[in-house]
Structure formats: C-alpha cells, structure tokens
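The values are calculated or read from the model by the stated rules, or taken from the named source; none is laboratory data. Only a predicted model underlies this, so the values are computations on that prediction, with no experimental measurement involved. Here Cβ is always computed from backbone atoms with ideal geometry, including for glycine, and neighbour counts include all displayed protein chains. Just the protein is used for accessible areas: all its heavy atoms, side chains included, with ligands, DNA and RNA removed. Shrake-Rupley method; radii C 1.70, N 1.55, O 1.52, S 1.80 Å.
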Amino acid sequence: MEIRMKYRIVIPESKEQFLYLINQTTKELNIQNQAYRKTILASYDKENNVLEVSCAVGSMNGGGWEQFRATVESHDDSVVLEGEFMVLPYIKRGAQIFLIAMLIIGFLFSKGDPFLLGEILIIFVLPLLLLYKNLQKIVGNEEGRQLVLRYFENDLNGEVEVIGRKNRED
C-alpha cells in the first residue's frame, strides 16, 4: 500500500509576481539540470496552468527523481498551488523503454522456445515489471520533498499544508 499526500501551498503574491519570482529563483526543469547540486528547478505550462518543481541534488540518493506537480490558481492577492509529488516523466519513460527493450530481447533470444521464454520472463522481465510498478515508492525521497517544500516556505513566503492522504492499493 502506498500513501500519497496532496499539498496546498498559499503564496501571498499576485500570479504575475509569483511567476516572476519562480523565474528568478529557479532554473529550467530538464534532464540536463538534474546534475546540479541542491538547485531548485521549475517549469510552468501556461496552457494547462500547471507548475512543476523539482530539486536537483547531483547524487543518486539525494531526492532529485521526483517533481512537485501542482495547478496554479489565483485568488485575490495570493496564489494557491494544489498538487502532489510524482516521478519525473523522463525517468518513467526511460523505465518503460527499458522494460519494452528487455521484452523484445527476451523474445528474440528465446527463438520460439516456450520453456526458455518462460525462464527469461520470470528471471529478468518480471523483476523489471515489479520495479516499474513500484517506481514511485523507489524514487520517493523525503529529503528532496522537504527541500522543495522549504523552497516554497522560505524563498516564496508560502504556507504549506497537507490537504489529503490517499492510500493507494497496488
């Protein structure tokens, strides 16, 4: 069972000022920037009104494999973000491609022998499938999440609150 928390962050700025501050205090969120050390990365999609924020930490165990994805809503003189942490899309896509490549290699290597194909699927592909299914649990890192939440609290003077916990059965 996986517990996923949803957050509401209220920032006492106009939406234009908020987006300006995000632009000034972060770097662009992309795969090349993930090697930075303790840098906040962000991207804003104007079309869907979605903000994605991650912390690049320059190490495998530092928590830079997730992003905070939130909708941006303007209320009076403040901005409200509602969202949750999720796996970075290119990490998820890379895991999917690797799983598909292993399936194809397994089929080609077995040369039609059902016994050999079954062994390949059980020994190699089944663990990769379980790894992919539990990717959110594996890459989830409390240190990285806290760095992103502290960014909202300290740098943007936001008020962070947990608004929901979802228990998700896998």
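Determine whether residue 78 is closer than 30 Å to residue 165 by Cβ, more than 19 Å from the chain's Cα centre (by Cα) and of a type in the set (Gly, Ala, Ser). Steps first, please.
Working: closer than 30 Å to residue 165 by Cβ: yes; more than 19 Å from the chain's Cα centre (by Cα): yes; of a type in the set (Gly, Ala, Ser): yes.
It is true that residue 78 is closer than 30 Å to residue 165 by Cβ, more than 19 Å from the chain's Cα centre (by Cα) and of a type in the set (Gly, Ala, Ser).
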Item checked: Residue identified as part of a helix (DSSP H, G or I) and among the basic types (Lys, Arg) among 93, 165 -> 93
Notebook entry, point to check: Can you name the residue in region 59-89 that is open to solvent by 50 Å² or more (accessible area, probe 1.4 Å), at pLDDT below 90 and polar (S, T, N, Q) and, of all such residues, is nearest to residue 157 (Cα to Cα)?
Noted result: 74
Checklist line | In region 1-32, the residues that are surrounded by 12 or more Cβ atoms within 10 Å (Cβ to Cβ), over 20 Å from the mean Cα position of the chain (by Cα) and not acidic (Asp, Glu) | finding: 10, 11, 12, 14, 15, 17, 18, 19, 20, 21
Next item on the list: Provide a single number: the residues in region 117-152 that are open to solvent by less than 80 Å² (accessible area, probe 1.4 Å) and either under 26 Å from residue 54 (Cα atoms) or of a type in the set (S, T, N, Q) (or both).
Entry: 16
